[in-house]
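Student: Below you will find the structure I want to go over with you.
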Amino acid sequence: MNKVLFFAHLRDVAGSESVEIEAAGKTVAELKEEIVTKFGFQKLDTVMTAINEEFASDEDIIEEGDTIAFIPPVSGG
């Protein structure tokens, strides 16, 4: 199993700050598609992804036990 963390407004949409999902062997892009379908997100195209606190690309493969974080862009001034 893998722990998936949601930050900022993603947490509100998902209804939780984290969930457990079986994501081992999937790419980040595949997990994003699953998350969009399962939780009703509009899209995750602009969301940064981290695996075990290291930024990851959509092509990276998720391993068993990895923690994946979805971090939306933040604006400020």
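Student: Report, in deg cm²/dmol and to the nearest 500, the calculated mean residue ellipticity at 222 nm for the chain, where each DSSP H run with n ≥ 4 adds -39500 (n - 2.57) and the sum is divided by the residue count.
Tutor: Values: 2 runs with 18 residues, N = 77.
Helix contribution divided over all residues of the chain: -6500 deg cm²/dmol.
Student: For the stretch 25-56, which trypsin sites (Lys or Arg not before Pro) are both in a DSSP coil and crowded by at most 12 other Cβ atoms within 10 Å? Working shown, then result.
Tutor: Values: sites: K26, K32, K38, K43; in loops: K26, K43.
Answer in residue order: K43.
Student: Quick one: what Rg and Dmax do you get for the chain from the alpha carbons, in Å?
Tutor: 11.6, 39
Student: Note the angle between two axes, namely the Cα long axis of helix 28-39 and the longest principal axis of the Cα atoms of the chain, as a number of degrees from 0 to 90, rounded to the nearest 10.
Tutor: Around 60 degrees separate the two axes.
Student: Please give the contour-minus-distance gain from T46 to E59: 0.36 nm per residue of separation, less the Cα-Cα distance, rounded to one decimal in nm. Intermediate results must be reported in sequence, preceding the final value.
Tutor: Working: separation 13, 0.36 × 13 = 4.68 nm, distance 1.49 nm.
Working it through step by step, the gained length comes to 3.2 nm.
Student: Check cross-link reach from K43 to the aspartates and glutamates: straight Cα distance under 19 Å, and skip same-chain residues fewer than eight apart.
Tutor: Output for K43: D12, E17, E30, E33, E34, D58, E59, D60.
Student: Follow-up question, since we're still on this one. Let me know the longest stretch in the chain that avoids all GluC sites (Glu not before Pro) found in a DSSP loop with at most 13 other C-beta atoms within 10 Å. Before the final figure, lay out the partial values.
Tutor: Numbers: sites that count: E17, E22, E53, E59, E63, E64.
By the stated rule (loop sites, at most 13 other Cβ atoms within 10 Å), 23-52.
Values in this text are rule-based calculations from the coordinates and carry no lab data. What you see is a predicted model; the values in this text were computed from it and never measured. Methodologically, a virtual Cβ is constructed for each residue, glycine included, from the backbone with ideal geometry; neighbour enumeration extends over all protein chains shown.
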